[in-house]
Amino acid sequence: MSNHWFLTGASSGIGRHLAELILAAGDDLTATARKPESLDDLAAKYPSQLRVEALDVTVKDDIAAVVARAQARRPVDILVNNAGGGVIGATEEMSDAEVEGQIALNLMAPIHITRAFVPAMRLRGSGRIIQISSASGQGSLPTSSLYHAAKWGLEGFSECLRQELEPFNLFVTLIEPGGARTSFSHNLQFASEIAAYRDTPAGDIRKMFETAGNELYTLDPQKIAQAIVDVATSDHPPLRVTLGGDAFGVVQAALQSRLAFLQSQEALARSVAFDS
């Protein structure tokens, strides 16, 4: 039988490639986008398979109705939380609105959408929840503290949820891509610069993102999308899938560094227990 997918951020980038692969495979898709007209060509090509919903995922009050319509059409088998975006700037440079916007888009939205689908999936005893995270969910870089905060939060949320739902044959998977050549990079926003940071690591990273060309984004979004489809439709998807040599390097270095630091503190860690 075909699957029914629910995909956020379907209008461009990895989301658009995913939508095309899903529909070409004969599956049903409910796709959300802030500008639904951006999917008009796919809607015309796949009128019986595709339903497009206008949704700003940061507007929590709009989520329930969209999810209800998707479930009424046909129970959703695979949820992909793909919508996201970044703001570059040192933490001090971020406005309150930018701080709250990053958390709302990259963390709270996937949490709210996931929670909206869990009850029905649990009752049916099947489902796949795919969270599009990032290598930034494991490593860190100056100028991206709020993006990291959101993605690290999404990783913790999803790892815990996986343990809660696996007894019900529900599998949660985190996808951690590196730099893909998509509109994500073109849509990066920049916080108002504070001159004091100009000659610091934060300033250097800002300049890199401001001037970066395609050489910074080496991953093929079509291949990433295919890998996501393969994982989502497998019998026992893993908790994490890291995609890209750059992502592998970032995650490997972050884990090795944390482990080395932890091991160096073993004596101190054990020293604070009650004396036996």
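Residues in the range 59-78: is at least one in contact (Cβ under 8 Å) with a residue 24 or more places away in the chain, more than 23 Å from GLY156 (Cβ to Cβ), open to solvent by 30 Å² or more (accessible area, probe 1.4 Å) and among the aliphatic types (A, V, I, L, M)?
Scanning the range 59-78, I find at least one residue that is in contact (Cβ under 8 Å) with a residue 24 or more places away in the chain, more than 23 Å from GLY156 (Cβ to Cβ), open to solvent by 30 Å² or more (accessible area, probe 1.4 Å) and among the aliphatic types (A, V, I, L, M), so the answer is yes.
In the range 119-153, which residues are among the aliphatic types (A, V, I, L, M) and either in contact with an Asp or Glu (Cβ under 9 Å, 6 or more places away or on another chain) or open to solvent by less than 20 Å² (accessible area, probe 1.4 Å) (or both)?
Result: MET121, ILE129, ILE130, ILE132, ALA135, LEU146, ALA150.
Exactly one of these conditions fails for GLU215: (1) of a type in the set (Asp, Glu); (2) at pLDDT 95 or above; (3) closer than 17 Å to ALA247 by Cα. Give me its number.
(2)
Considering only residues that are part of a helix (DSSP H, G or I), open to solvent by 30 Å² or more (accessible area, probe 1.4 Å) and at pLDDT below 95, which ones fall in the range 173-203? Walk me through how you get there before you give the answer.
Taking the range 173-203 first, the residues part of a helix (DSSP H, G or I) are 183-186, 195-197, 201-203.
Restricting the remaining residues to those that are open to solvent by 30 Å² or more (accessible area, probe 1.4 Å) gives 183-184, 186, 195-197, 201.
Hits for the range 173-203 are SER183, PHE184, HIS186.
Based on what the data block shows, is PHE209 modelled with pLDDT under 95 and either of a type in the set (Asp, Glu) or in a helix (DSSP H, G or I) (or both)?
For PHE209, the condition - modelled with pLDDT under 95 and either of a type in the set (Asp, Glu) or in a helix (DSSP H, G or I) (or both) - is met.
Can you find a residue that is open to solvent by less than 30 Å² (accessible area, probe 1.4 Å), closer than 23 Å to GLN138 by Cα and among the small types (Gly, Ala, Ser) anywhere in the range 256-274?
no
Of the residues that make up the range 97-117, is at least one under 30 Å from ALA195 (Cα atoms), in contact with a Leu (Cβ under 8 Å, 6 or more places away or on another chain) and open to solvent by less than 20 Å² (accessible area, probe 1.4 Å)?
Among the residues of the range 97-117, at least one is under 30 Å from ALA195 (Cα atoms), in contact with a Leu (Cβ under 8 Å, 6 or more places away or on another chain) and open to solvent by less than 20 Å² (accessible area, probe 1.4 Å), which makes the answer yes.
Considering each residue of the range 37-58, count those that are without any contact (Cβ under 8 Å) to a residue 24 or more places away in the chain and out of contact with any Ser or Thr (no Cβ under 8 Å at 6 or more places or on another chain), and give that number.
Total meeting the criteria: 11.
Can you name the residue in the range 11-32 that is closer than 22 Å to ASP220 by Cα and small (Gly, Ala, Ser) and, of all such residues, is surrounded by the fewest Cβ atoms within 10 Å (Cβ to Cβ)?
ALA24
Given the conditions (1) more than 30 Å from PHE6 (Cβ to Cβ); (2) within 17 Å of the chain's Cα centre (by Cα), and given that ALA195 satisfies all but one, which numbered condition is not satisfied?
Tallying (1) more than 30 Å from PHE6 (Cβ to Cβ); (2) within 17 Å of the chain's Cα centre (by Cα), ALA195 fails exactly one: (2).
Looking at the range 214-255 only, could you name the residues that are in a loop (DSSP other than H, G, I, E, B) and either surrounded by fewer than 16 Cβ atoms within 10 Å (Cβ to Cβ) or polar (S, T, N, Q) (or both)?
To start, the set of residues in the range 214-255 that are in a loop (DSSP other than H, G, I, E, B) comprises 217-218, 220, 233-239, 244.
Of everything in the range 214-255, those that are in a loop (DSSP other than H, G, I, E, B) and either surrounded by fewer than 16 Cβ atoms within 10 Å (Cβ to Cβ) or polar (S, T, N, Q) (or both) turn out to be THR218, ASP220, THR233, SER234, ASP235, HIS236, PRO238, LEU239.
The values are calculated or read from the model by the stated rules, or taken from the named source; none is laboratory data. Values in this document were obtained by computation on a predicted structure and should not be read as measured data. For neighbour counting, all protein chains shown are included, and Cβ atoms are generated from backbone atoms with ideal geometry for every residue, glycine included. Heavy atoms of the whole protein, side chains included, go into the accessibility calculation; ligands, DNA and RNA do not. Shrake-Rupley method; radii C 1.70, N 1.55, O 1.52, S 1.80 Å.
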